[in-house]
Each structure stands twice: as structure tokens, then as C-alpha cells.
1. Among (1) surrounded by fewer than 13 Cβ atoms within 10 Å (Cβ to Cβ); (2) assigned to a helix (DSSP H, G or I); (3) in contact (Cβ under 8 Å) with a residue 24 or more places away in the chain, which single condition is Thr85 missing?
2. Report yes if Gln73 is in contact (Cβ under 8 Å) with a residue 24 or more places away in the chain and out of contact with any Gly (no Cβ under 9 Å at 6 or more places or on another chain), otherwise no.
3. Picking from Ile57, Ile80, which residue would you name as being outside any helix (DSSP H, G or I), open to solvent by 50 Å² or more (accessible area, probe 1.4 Å) and either over 30 Å from Ala111 (Cα atoms) or touching a His at 6+ places or on another chain (Cβ under 7 Å) (or both)?
4. Looking at the range 23-54, which of its residues are of a type outside the set (A, V, I, L, M), outside any loop (DSSP other than H, G, I, E, B) and farther than 24 Å from Ala88 by Cα?
5. Go through (1) more than 11 Å from the chain's Cα centre (by Cα); (2) surrounded by 14 or more Cβ atoms within 10 Å (Cβ to Cβ) for Gly16 and report which single condition fails.
6. Restricting to the range 99-114, name every residue that is free of Cβ contacts under 8 Å to residues at least 12 places away in the same chain and part of a helix (DSSP H, G or I).
7. What pairs come out if I take residues in the range 57-70 that are within 15 Å of Ile47 (Cβ to Cβ) and pair them with residues that are in a loop (DSSP other than H, G, I, E, B) whose C-beta lies under 8 Å away, six or more apart or interchain?
8. Can you work out which of the residues in the range 24-50 that are under 26 Å from Pro106 (Cβ atoms) and either of a type in the set (Val, Ile, Thr) or in contact with a Cys (Cβ under 6 Å, 6 or more places away or on another chain) (or both) is surrounded by the fewest Cβ atoms within 10 Å (Cβ to Cβ)?
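The values are calculated or read from the model by the stated rules, or taken from the named source; none is laboratory data. Not measured: the values here are computed from a predicted model. When we count neighbours, we look across all protein chains shown, and the Cβ atoms used for this are built from the backbone with ideal geometry, even at glycine. Surface areas here come from the heavy atoms of the whole protein model, side chains and all, with no ligands, DNA or RNA. Shrake-Rupley method; radii C 1.70, N 1.55, O 1.52, S 1.80 Å.
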Amino acid sequence: MNYLPYVVAAWLFLIGLYGVSSSRNLIHLIICVAVIQSSSYVLLLSISYKAGRVAPIFADIPANTPAVDPVVQALILTDIVVEITVMALLLALAVQIEKRHGTLNPDRLRAISG
């Protein structure tokens, strides 16, 4: 069994987590969240990969040919769409924060009162 994809997924997750915990800029924080999210792609791909199997397109192959599971591929596509939506929302919030407070440093933002 090849453990390299799992190691890469864990490495991406840890690098992104370190970036989130040490970030002093909201844009940097958002990029680090995207890196954490990309670790889930690598993990899902490594779980679904089976050596010697073909893509799940059965137009020109025999019926008994082993194929990879297409559900995992659909999950990855869904994950990408969710990530793009979350990144767009977070970037829009960062733009509004910069407009209202003049900084992207989370330490310099005043506490919410109300």
C-alpha cells in the first residue's frame, strides 16, 4: 500500500492549520483555509484510487471490467464548488472589513459592541 497520498494530505492540512493559527492578515487566513480544503481533495482521491481499475465509463469496455467508484469523484466536485462559494464569501467579508476598519489585521479590529 502506498502511503504517500495520505502523507501529502496530512502535510497540506498541517501547513494550512499552521497558517491559520499564525496569520496576521485576513487574506492570508483565507488562503490557508483553501490549503486545508485542498487536503481533503488529496485524501478523497487517495481513498478512491484503485490500481488497475478504469474510469467508470462503460461505453466501450466489457461489463465485468473493474472500475473506480464515481461517487467519490462526485464528492470531490461538490467539495470544489463548496470551497469556491466559501472563499467568495470570505473574500467579500474581508473587503467589507477593510472598507469599514481600514485594516486586514485581525488583532487591530475592535470588538463588536451591541
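1. With (1) surrounded by fewer than 13 Cβ atoms within 10 Å (Cβ to Cβ); (2) assigned to a helix (DSSP H, G or I); (3) in contact (Cβ under 8 Å) with a residue 24 or more places away in the chain applied to Thr85, the lone miss is (3).
2. Judged against the criteria, Gln73 is a match.
3. On the way: Ile80 fails: outside any helix (DSSP H, G or I).
Going through Ile57, Ile80 in turn, the sole match is Ile57.
4. Narrowing the range 23-54 to residues of a type outside the set (A, V, I, L, M): 23-25, 28, 32, 37-41, 46, 48-50, 52-53.
After this cut, where a residue has to be outside any loop (DSSP other than H, G, I, E, B) as well, the list is 28, 32, 37-41, 46, 48.
Across the range 23-54, the qualifying residues are Ser46, Ser48.
5. It is condition (1) that Gly16 fails.
6. Taking the range 99-114 first, the residues free of Cβ contacts under 8 Å to residues at least 12 places away in the same chain are 99-103, 108, 110-114.
Passing the criteria: Lys99, Arg100, His101, Arg108.
7. Pairs that qualify, where the first residue is within 15 Å of Ile47 (Cβ to Cβ) and the partner is in a loop (DSSP other than H, G, I, E, B), are Val68/Tyr49; Val68/Lys50; Val68/Arg53; Val68/Ala55; Val68/Pro56; Asp69/Pro56; Pro70/Pro56.
8. Taking the range 24-50 and keeping what is under 26 Å from Pro106 (Cβ atoms), we get 24-40.
Narrowing the set further to residues that are either of a type in the set (Val, Ile, Thr) or in contact with a Cys (Cβ under 6 Å, 6 or more places away or on another chain) (or both) leaves 27, 30-31, 33, 35-36.
On the way: Ile27: 14, Ile30: 19, Ile31: 17, Val33: 19, Val35: 17, Ile36: 17.
Looking at residues that are under 26 Å from Pro106 (Cβ atoms) and either of a type in the set (Val, Ile, Thr) or in contact with a Cys (Cβ under 6 Å, 6 or more places away or on another chain) (or both), I get Ile27.
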